[in-house]
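Quick notes on the structure that follows.
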Amino acid sequence: MAGWTELFELVGGRWPMEEQGTAERLQMAIRAAGAAVLFAAVYGLAAGSTDMALALGNLWKLPMLVVLSTLCSLPAGLLAWKLSGASDGASKLVVGVAAGNFAATLVLAALSPLVALYYNSSAYWGGPLAMGTVALALVVGLFSAWRLMLRAGSARLPFGVLAVVQMLALLQFTHIASPILPEQTFFDLGVDGLVDR
């Protein structure tokens, strides 16, 4: 239970691990990443709930989006962390990223019953509500990661690099994994959708 308490403290902006070593911080990052994968799968089921094949596909697609976009952003973020001269260990950066993903997917999981309800009871509002919950989750996740990284030392540059790279990777992985929602969205086109508009 202590692991969950620490994760929720991270989401709340508290850094419970000042006395912890690198191994303990990385264990916390692994717990946060595991929970994020689970929460993403819950949201995937809700978002695809009008079509059984889509819902089952989303069980692996949404967790894959979270994991792969994070793995794409970590090398650039770690490089920026070192180049910025941060005095703290990079494990704090990894925890910040994992906590941001945890916070974002927690929002998705918390709102997934509402998304499923609207997809199954409204002819129009399911899609906009699903897109709105994703936008809210991204804002909450980015804010959570930013707040933690600022407390970890000189993290403005690493946070900016991580955020940009993860958002670009997330956009393209969404294109590769589509369809995720029953209707086509702007994100299904990936980066090409940004250029064509």
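All of the numbers you see were taken from the coordinates with simple rules; none came from a lab. Please read these numbers as outputs of a predicted model, since none were measured by experiment. FYI the Cβ positions are ideal-geometry reconstructions off the backbone, even for glycines, and counts take in every protein chain you see.
Can you work out D for the chain in µm² s⁻¹ from Stokes-Einstein, where Rh is the Kirkwood radius over C-alpha pairs, the temperature is 25 °C and the viscosity is 0.890 mPa s?
Answer, rounded: 144 µm²/s.
Does region 120-178 classify as rounded, prolate or oblate by the C-alpha gyration tensor (a ≥ b ≥ c root eigenvalues; a/c under 1.5 gives rounded; else a/b over b/c gives prolate, otherwise oblate)?
Since a/c reaches 1.5 but b/c is at least a/b, the shape of region 120-178 is classed as oblate.
Calculate, for Leu157 and Gln184, the FRET efficiency according to 1/(1 + (r/R0)^6) with r their C-beta to C-beta distance and R0 45 Å; round to the nearest 0.05.
0.80
Looking at Phe102, Leu171, Thr50, which one has the Cα that reaches farthest to the positive end of the dipole of the chain (charges on Cβ: Lys, Arg +1; Asp, Glu -1)?
Selected residue: Phe102.
Could you work out the relative contact order of the chain, using alpha carbon pairs under 8 angstrom and six or more residues apart, expressed as a whole percent?
It comes to 28 percent, rounded to a whole number.
Need one number: nm distance between label points at Glu24 and Leu79, each 7 Å from Cα along Cα→Cβ, rounded to one decimal.
Once both label points are built, they end up 3.3 nm from each other.
Within 10 Å of each candidate Cβ there may be at most 15 other Cβ atoms; applying that plus a DSSP loop requirement, which chymotrypsin sites (Phe, Trp or Tyr not before Pro) in region 95-171 survive?
Passing both the DSSP loop test and the Cβ count: Tyr124, Trp125.
Please work out whether region 33-93 counts as rounded, prolate or oblate from its C-alpha gyration tensor, where a ≥ b ≥ c are the square roots of the eigenvalues and a/c under 1.5 means rounded, while otherwise a/b larger than b/c means prolate and anything else oblate?
prolate
Is there a quick way to get the dipole size of the chain? I mean about its Cα centre, with the Cβ of Lys and Arg at +1 and of Asp and Glu at -1; what is the value in debye to the nearest 20?
Using Cβ point charges on Lys, Arg, Asp and Glu, the chain gives about 360 debye.
Could you give each residue of region 98-105 its phi-based ³J(HN,Hα) in whole Hz, using Karplus coefficients 6.51, -1.76, 1.60 with θ = phi - 60°, and x for Gly or Pro?
4, 5, x, 5, 4, 5, 5, 6
Nearest 500 deg cm²/dmol is fine: what mean residue ellipticity at 222 nm does the chain get from its DSSP H runs of n ≥ 4 alone, each adding -39,500 (n - 2.57), divided by its residue count?
Computed ellipticity for the chain at 222 nm equals -27000 deg cm²/dmol.
Label His175 and Phe8 with points 7 Å out from Cα along Cα→Cβ: what is the distance between them in nm?
Distance between label points: 4.0 nm.
Could you give P(r) for region 80-175, binned at 10 Å from zero, as whole percent values over all Cα-Cα pairs?
16, 39, 26, 13, 5, 0
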